[in-house]
Amino acid sequence: MDPYSLSVEREASKNIEENERECFKDAIVSSRSLNKGFVEPVLIKNVVPEIASCIIAASFHIAVGLSMAYSAVLIPHLEDKNSDVYGTETETSWIASMVVISTPCGAILGGFLMEAIGRLKTLQVGAIPCAVGWILIALATNIPMILVGRFLTGFATALAISPAIVYITEVARPELRGSLMSFGPTLASFGMLLIYAKGAYLSWRLAAWLSIIYAVVPVVLVQAFVPESPVWLVSRGRIEEARKALEWFYKSDAKQGKISAAEAQFTTIMKENEIKLSDQRRSKHGGLSTKLRAFLKPTGWKPMCILFFFFLFQQFSGIYITLFYAVTWFQEVGAGMDSYLASILVGLTRFLCSMVNTWLLRRYKRRPLCIISSLGMAACMIVSGYFTLQVKKGDTSGNWVPVACLLLYVCTSMVGMLTIPWTMTAELFPSEIRELAHSISYSMANVLMFAAIQSYRGLTVFLGGKEPAESFLSPTSWREMAHLF
């Protein structure tokens with residue numbers, strides 16, 4: 001064969017190999033497997049190990065729900081003039097939002113720890129500041145102690161949630177991933193229901209003590225029963241451990257031809273890791289530069305833009321404001337029932353709807369669910385606002401309507417706008433930047449949540465929802481906060 005023909009053949013072979021590599025890479029980073037058209041039926045007995053591992057990893061979400069909703073039951077006690085620890089509206093608004101503003105710190109640290117020590121070890125580390133934070137709140141004798149405790153619990157939830165979500169993304173097979181990703185928010189809703197119920201019947205200090213349990217138990221369960229992510233083990237060169245983990249996950253699956261399901265998955269993970277390592281080697285400036293360049297690709301910046309607008313609309317639609325200020329909100333609108341009981345109904349509604357949402361995510365696509373959710377939320381708030389205005393004018397015949405509308409508002413939010421953006425923070429990104437991208441998107445969401453929660457009291461006054469409070473708007477309030485910090 002002449003040199004020219006040999007060169008052409010070599011080039012053609014190289015192009016074929018490169019095309020196969022790119023096709024495989026596209027398959028890895030795409031989310032086509034989330035579409036029901038690509039879902040293959042599975043036997044429940046085959047996926048029990050995956051489901052059990054993912055649920056245990058996600059069990060820390062209960063502590064997340066406790067931390068987020070705790071302000072709803074704490075703030076009314078602190079704003080009571082007879083409370084042993086009194087807080088002004090300025091201070092209580094910071095108490096509500098402090099758990100949110102600390103989460104970016106935990107999320108960024110969690111992104112690096114996930115790569116260094118693994119998904120599950122990072123989750124276990126997150127339990128330490130969580131327990132310390134609840135202890136500080138339970139023993140608090142002043143507002144700064146509560147603020148520090150809230151900061152630590154928020155920091156811990158981000159530190160533990162990020163590895164749990166990434167773990168589920170890497171462990172769960174595509175046809176189960178959406179449902180298992182939504183199980184985390186379901187457990188968070190259960191945590192909110194628990195804290196609303198405790199706030200109605202227990203003191204706020206005892207509720208804080210009991211919350212420590214939900215930070216410690218997941219650590220014990222993870223240590224005892226759950227294997228580390230095979231994807232991370234392969235990336236660290238711990239090949240035999242990855243094989244054993246996959247054999248445990250796929251021990252009930254039938255062989256796919258001459259090889260087992262575990263071996264087939266192992267081959268896929270190895271090839272994905274080789275591609276990632278190859279990309280890093282081809283980079284002149286190493287791993288960090290590779291990750292930064294990956295964010296400039298369409299598979300990096302497009303998902304980030306989508307998530308930014310998703311979270312922007314999610315937070316300023318008031319979903320989390322009603323959860324953080326549930327008891328106070330019912331007191332201010334003049335609801336025709338006990339505000340603590342109404343908050344329990346909100347928690348129960350959210351929990352039940354979150355279980356329905358798990359089925360909806362398997363049955364329907366994301367876009368129609370978000371559209372229906374947004375329209376339903378808007379309708380509920382319009383009706384609620386009208387009847388709240390009537391109650392303020394003295395017509396109490398419809399004072400039950402704001403409560404009913406808020407419950408329906410929670411139902412419609414759970415259909416899509418509350419849960420879907422969170423489930424997308426890891427699954428939209430390619431594996432080469434998944435850990436860091438999830439942490440960044442999670443931090444971005446919590447910064448927006450902080451802005452929404454912190455601005456709630458000011459917007460309420462500005463829009464005429466209540467009379468201005470000196471503790472919130474006056475120069476004295478800002479001197480108080482300066483002295484506090």
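The values are calculated or read from the model by the stated rules, or taken from the named source; none is laboratory data. Keep in mind the model is a prediction, meaning the values are calculated, not measured. So basically every Cβ, Gly included, is an ideal-geometry build from the backbone, and we count neighbours across all protein chains shown. The area values use the complete protein model at the heavy-atom level, side chains included, leaving out ligands, DNA and RNA. Shrake-Rupley method; radii C 1.70, N 1.55, O 1.52, S 1.80 Å.
Label-point separation (nm) for ILE213 and ALA264, each offset 7 Å from Cα along Cα-to-Cβ?
4.3 nm
Is region 92-147 rounded, prolate or oblate when judged by the Cα gyration tensor, a ≥ b ≥ c being the square roots of its eigenvalues, rounded requiring a/c under 1.5 and prolate requiring a/b larger than b/c? Mind dumping the intermediate values first?
Working: a/c = 4.37, a/b = 1.90, b/c = 2.30.
Oblate, since a/c reaches 1.5 and b/c is not below a/b.
Protein chains only, probe 1.4 Å: how do MET337, MET355 rank by accessible area, largest first? Don't skip to the answer; put the middle values down first.
Details: MET337 65, MET355 90 Å².
Most to least solvent-accessible, the answer reads MET355, MET337.
How large is the direction-averaged shadow of the alpha-carbon convex hull of region 288-398, in nm²? Could the numbers behind the result be given before it?
On the way: hull surface 39.2 nm².
Over all viewing directions, region 288-398 projects a mean Cα-hull area of 9.8 nm².
Run the numbers for LYS81 and TYR386: contour at 0.36 nm per residue of separation, minus the present Cα-Cα distance, in nm. Please report the intermediate quantities before stating the final value.
Values: separation 305, 0.36 × 305 = 109.80 nm, distance 3.15 nm.
Here the segment from LYS81 to TYR386 would lengthen by 106.6 nm.
Sort 234-247, 50-63 for me by packing, meaning the mean count of neighbouring Cβ atoms within 10 Å per residue, highest on top.
Details: 234-247: 17.3, 50-63: 23.6.
Ranking the peptides 234-247, 50-63 by packing returns 50-63, 234-247.
Which Rg and Dmax, in Å, describe the Cα atoms of region 61-130?
When restricted to Cα atoms, region 61-130 yields Rg and Dmax of 15.6, 49 Å.
What list of ³J(HN,Hα) values in whole Hz, one per residue of region 358-374 in order, does the Karplus curve 6.51 cos²θ - 1.76 cosθ + 1.60 (θ = phi - 60°) give from phi, with Gly and Pro shown as x?
Rounded to whole hertz, the list is 4, 5, 4, 5, 7, 8, 10, 7, 5, 4, x, 5, 5, 5, 4, 4, 5.
Would you work out which of LEU418, THR299, PHE316 lies farthest towards the positive end of the dipole of region 267-419? Charges go on Cβ: Lys and Arg +1, Asp and Glu -1.
Of the options given, the answer is THR299.
By what distance, in whole Å, do the Cα atoms of region 330-394 stretch along each of the three principal axes, largest value first?
Projected onto the principal axes, the Cα atoms of region 330-394 cover 46, 23, 11 Å.
At a probe radius of 1.4 Å, what is the per-residue accessible area of LYS45, in Å² to the nearest 10?
Approximately 140 Å² for this residue.
Report, to two decimal places, the Cα Rg of region 33-176 normalised by 2.2 N^0.38 Å (N = number of residues).
Working: Rg = 18.7 Å, N = 144, 2.2 N^0.38 = 14.5 Å.
So the Cα radius of gyration is 1.29 times the expected 2.2 N^0.38 Å.
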